[in-house]
Ligand code: FNR
């Protein structure tokens, strides 16, 4: 029998339930990583190489987990990152995540390849709720321009250009489960002559422009006032180039281990990036986010200690939504909040701006 929602005590529990109850093709698409899935596993286990150096005897009676991301005040330093094809897991699709994000006052990043239309996801927001847009850049820049302008008009507060996917990775689990129902909002893809024999990911991604380069960044900056961030940066040299290009931030990410296998985890890259930016006096120039493998509030705390403004979380909310719908997403977010408050108290920090490198022992990382 399926465990009741109250029996899920952490984010991994939702994954275990989802694996049992989801349709095979949907599970294959959500859970797969590239090639041997070494990077996908490393994303989470990299956090296990970092240990805490808690402070004692500080007043931690009240804890404030809130912070600011791209000018938006959020209740806890994570956002719901963009994941394609929400309706594979839940018939209502991405709007379930919109409602969960609203309830917990966190930001949702809307994927280019959502199952719901972009407008449906924007229409599902309430009040002053904030959304960002993840962008796959179309070979036809007129289409891309339209998407960007429309997102800005509909109130999106950040544009995250995915830069780690000039070609979609080989996710063999996904490829093996032959994909019959594309079910995404294909108008964005600039054509519907898709090849369904290669799994869901490849079927929907043929429009992505592999010629995208640094030379295109000024154009993006010229067509929108939204802050622009590059999602999928993996080395300090590229962070420095991003700053020089004038973008507002980067997400240190390997796409949840779905692209280049043997890419390093985001947290490992963060440990490379921040000391070098501080040395160059560039650390205040942009906002740095990390995603991949974040499953515990201690993971969030570690990323913030190392200098991230916030973290993105993907699969856990997909699994929660697939297994239990909105109540699942709600509980997953609440669990993270409870963990966050407790662990900040236990390391001796009452607010997020007190989190710093002195609180972590990173000697287990290859870069520290
Ligand atoms: C993704 N991710 C992703 N990223 C992106 O820029 N555009 C996209 O369309 C998608 N689609 C997508 C689908 C699924 C099923 C997953 C699991 C992931 C990557 C995503 O934004 C993020 O980088 C990772 O999901 C973070 O890792 P975790 O939290 O899933 O471990």
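The values are calculated or read from the model by the stated rules, or taken from the named source; none is laboratory data. What you see is a predicted model, and the numbers here were worked out from it, not measured in a lab. When we count neighbours, we look across all protein chains shown, and the Cβ atoms used for this are built from the backbone with ideal geometry, even at glycine.
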Legend entry - Residue selected from segment 17-50 under the condition away from the ligand (no atom under 15 Å from the Cβ) and exposed (fewer than 13 other Cβ atoms within 10 Å of the Cβ), by the criterion farthest from residue 319 (Cα to Cα): 36
Legend entry - Conditions (1) free of Cβ contacts under 8 Å to residues at least 12 places away in the same chain; (2) surrounded by 24 or more Cβ atoms within 10 Å (Cβ to Cβ); number of the one not met by residue 275: (2)
Legend entry - segment 249-293, subset part of a strand (DSSP E or B) and farther than 19 Å from residue 11 by Cα, residue farthest from the ligand (Cβ to nearest atom): 287
Legend entry - Criterion violated by residue 211 - all others in (1) more than 15 Å from the ligand (Cβ to nearest atom); (2) in contact with a strand residue (DSSP E or B) (Cβ under 6 Å, 6 or more places away or on another chain) satisfied: (2)
Legend entry - Those residues of segment 1-48 which are in contact (Cβ under 8 Å) with a residue 24 or more places away in the chain and assigned to a loop (DSSP other than H, G, I, E, B), in sequence order: 2, 8, 9, 10, 22, 23, 32, 33, 34, 35, 36, 37
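Residues checked against (1) modelled with pLDDT of 95 or more; (2) crowded, with 20+ Cβ neighbours inside 10 Å; (3) under 21 Å from residue 315 (Cα atoms):
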| position | (1), (2), (3) |
| --- | --- |
| 168 | no, yes, yes |
| 185 | no, yes, yes |
| 204 | no, yes, yes |
| 210 | no, no, no |
| 239 | yes, yes, no |
Inset, instruction - Tell me which of these residue 314 doesn't satisfy, since it passes every other one: (1) buried (at least 20 other Cβ atoms within 10 Å of the Cβ); (2) in contact with a strand residue (DSSP E or B) (Cβ under 9 Å, 6 or more places away or on another chain); (3) more than 16 Å from residue 47 (Cβ to Cβ). - result: (3)
Inset, instruction - Mind counting the residues in segment 76-97 that are within 16 Å of the chain's Cα centre (by Cα), within 16 Å of residue 117 (Cβ to Cβ) and more than 10 Å from the ligand (Cβ to nearest atom)? - result: 2
Inset, instruction - Of all residues in segment 219-248, count the ones that are in a helix (DSSP H, G or I) and within 23 Å of residue 112 (Cα to Cα). - result: 6
Inset, instruction - Go over the candidates 319, 324 one by one and state the one that is buried (at least 21 other Cβ atoms within 10 Å of the Cβ), within 15 Å of the ligand (Cβ to nearest atom) and under 22 Å from the mean Cα position of the chain (by Cα). - result: 319
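Restricting attention to segment 48-70, does a residue exist that is under 22 Å from residue 162 (Cβ atoms), modelled with pLDDT of 95 or more and out of contact with any helix residue (DSSP H, G or I) (no Cβ under 8 Å at 6 or more places or on another chain)?
yes
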Inset, instruction - Take residue 339 and decide whether it is within 16 Å of the ligand (Cβ to nearest atom), touching a residue at least 12 places away in the same chain (Cβ under 8 Å), under 17 Å from the mean Cα position of the chain (by Cα) and not in a loop (DSSP other than H, G, I, E, B). - result: no
Legend entry - Any chance residue 70 is within 17 Å of the chain's Cα centre (by Cα), within 12 Å of the ligand (Cβ to nearest atom) and touching a residue at least 12 places away in the same chain (Cβ under 8 Å): no
Inset, instruction - Please verify whether segment 294-308 includes one or more residues that are within 23 Å of residue 90 (Cβ to Cβ), within 11 Å of the ligand (Cβ to nearest atom) and in a strand (DSSP E or B). - result: no
Legend entry - Residues satisfying the stated conditions in segment 102-131, i.e. within 16 Å of the ligand (Cβ to nearest atom) and touching a residue at least 60 places away in the same chain (Cβ under 8 Å): 106, 109, 112, 113, 114, 115, 116, 117, 118
